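We did not get these values from a lab; they are worked out from the coordinates using the rules stated. Just so you know, these numbers come straight off a predicted model, no measurement behind them. No Cβ is skipped: glycine too gets one built from the backbone with ideal geometry, and neighbour counts run over all protein chains shown.
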Amino acid sequence: MNNRIPKVAVVLGGGGIKPYSAIPLISFLESQNIPVELLVGCSGGSIMVSLWASGYTPEKMLYEVAPKLKKSTFKANWRAFLAVGNLPFGRMDKTSALVHAGPIQKFMKELWGDTRLEDLKTKTILQVTDFQTGEGIGLESGVLADCVYASSAIYPLLPPIKIGERWLFDGAYTAPVPIMQAIKHDIDIIIVVDFLEKVQQDPQGIFENLMHTGKLNAKTITANQMALSIDLHHSEIIYMKVEFERFISFWEIEKFPEILAAGEKALDKIKDELLCIYKAIYETNDAGNCRTEETD
């Protein structure tokens, strides 16, 4: 028997701090000694894959990184709010948004320093969007803290960042769950993690309405790209859907037990299939008997 270690990719979509619910999946893969060949992230998912690829353990992610997320990190930029009302001294453009970028960029710099994306121990791709052209881009090199910020900068809450000659912002505008970045590589198993919450039927205020319309747009894009990926792929795609009953703000770290519980629940639904497919490819290169009615 010529055993072959399957090539595995993990794709984490966006969702604020909800991608922390991928921690149970990370722990599971490590406990099963399943190596990961490629990591792909978007927005909040880009933070998680970058932590993982740069050597942060699940414990450190939870007990050292998460507590640093505070509401004070998200400081309102009142000049931008003045601009919304077309009032004097207001300013809002590609360099200025409703929340100041400085404290968030400082937080990311504290996590990664001058580490570069291309130097991570696992190949990592971060989905971003070109602010001026709308082009979706998979970043594979650059200062990691800047690349993660770009992938997470959801405008008009956070401003884009200039990297090279491009102004880049949240990848969710072009690929909320960037599975196509993994499809481009020679991967046997792609684990796609989507973080979903119930859509508010009657959002109130500027923030709720921005999030509401963004979620509707992301839902449509993800559905279309997932269908295209299934049509094009030669890999086994395992879709892990992490569901939440309500919106969770970026700074609600007290909700981490709820976030982790959602991740555990989603993992329970796919882990047997994942192990079956991995073993089948390892032994025979045929995973045809692993699919269940629920996951098809």
Original post:
Peptides 9-16, 158-165, 64-71, 175-182: what's the order by average Cβ count within 10 Å, highest mean first?
Top reply: 9-16, 175-182, 158-165, 64-71
Original post:
Residue by residue through segment 249-262, which ³J(HN,Hα) values in whole Hz follow from phi under the Karplus form 6.51 cos²θ - 1.76 cosθ + 1.60 (θ = phi - 60°), with glycine and proline marked x?
Top reply: 5, 4, 9, 7, 5, 5, 8, 4, x, 5, 5, 5, 4, 5
Original post:
Which of the lysines could a cross-linker bridge to residue 109, judged by Cα under 25 Å and excluding same-chain residues fewer than eight apart?
Top reply: 18, 60, 68, 70, 71, 75, 94, 121, 123, 162, 255
Subject >> Efficiency of FRET between residue 249 and residue 59 - r from beta-carbon atoms, R0 35 angstrom, step 0.05 >> reply: 0.90
Original post:
Amide H of residue 116: which non-local residues (sequence gap of 5 or more, or other chain) have their own amide H closer than 5 Å, using H built in the peptide plane?
Top reply: 144
**OP:** Calculate how large, on average over all directions, the projected area of the Cα convex hull of segment 7-91 is; give the answer in nm² to one decimal.
**Re:** 7.1
Original post:
Which FRET efficiency value, to the nearest 0.05, do you get for residue 66 and residue 268 by plugging their Cβ-Cβ distance into 1/(1 + (r/R0)^6) with R0 = 22 Å?
Top reply: 0.45
**OP:** Would you please give the residues with an amide H less than 5 Å from that of residue 167, counting only those at least 5 places away or on a separate chain, with H modeled from the backbone geometry?
**Re:** 131, 132
